[in-house]
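The values are calculated or read from the model by the stated rules, or taken from the named source; none is laboratory data. Treat the numbers as computed from the prediction; the structure is a model and nothing was measured. With ideal geometry, Cβ positions are generated from the backbone for all residues, glycine too; neighbour counts draw on all protein chains shown. The protein model used for the area step is the full one, side chains on, heavy atoms only, and it has no ligands, DNA or RNA in it. Shrake-Rupley method; radii C 1.70, N 1.55, O 1.52, S 1.80 Å.
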Amino acid sequence: MEIFFGAVLLILAGAVVLLFAMLGELTSRLPTERETAAARDPEVWPLEDARLGAEPGRWPAELAGRAADLDAAQTLLVLSTACSTCKDVAQQLSDELDRGAGNDMAVVVSTAEQARGERFVQQYGLQRLTHYVDEGGDWVAGEFNVRMSPTALVMRGGRLESALVFQDVEAVRTKVNQPKGVS
């Protein structure tokens, strides 16, 4: 009987060692933050279906302050709680805010449930920015025909000047700040 328990114990010890070896191998295959940043596509594309020139019929109260400065370009980033690229963008924004920068944009979080959107905002520290949780994506879809994320909505004079699909916050910021006619 002791030989049987000894064999079982030996097998279990081998299985635990094998399990930890497999976990170590899996962990080594996960992308690091540096690899994720390097994998971000720096391209910024126009969103073809957006209603350029549209002026919202109503601004959510949370964004009304952004609408007040009609002369300057205002950038609203549309993120979704169900989008992995949006989570990366939210982390980029959070990292910028942690460094004391990046407070030049507002965020619209499109989500199926208000509570889920609020958790997303809290998780990434986006409450430090002007933000609006757009339940069902109704506001952004209804006003601008935008149903894709992440998208940067560039507003000027209270109207949608451009809608840009992106993965890298710095790339979209560079594109938005480019003089007209430069591509």
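Values computed for the structure shown
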| read-out | value |
| --- | --- |
| Hits in the stretch 84-129 - residues which are acidic (Asp, Glu) and not in a loop (DSSP other than H, G, I, E, B) | Asp88, Asp95, Glu96, Asp98, Glu118 |
| Residue match in the stretch 120-133 (condition: farther than 15 Å from Ser94 by Cβ and among the charged types (D, E, K, R)) | no |
| Verdict on Val107 being β-branched (Val, Ile, Thr), free of Cβ contacts under 8 Å to residues at least 40 places away in the same chain and within 12 Å of Leu77 (Cα to Cα) | yes |
| The stretch 120-139, residues that are surrounded by 15 or more Cβ atoms within 10 Å (Cβ to Cβ) and free of Cβ contacts under 8 Å to residues at least 12 places away in the same chain | none |
| Residues located in the stretch 140-183, provided they are in a helix (DSSP H, G or I), open to solvent by 40 Å² or more (accessible area, probe 1.4 Å) and within 23 Å of Asp88 (Cβ to Cβ) | Glu170, Thr174, Lys175, Asn177 |
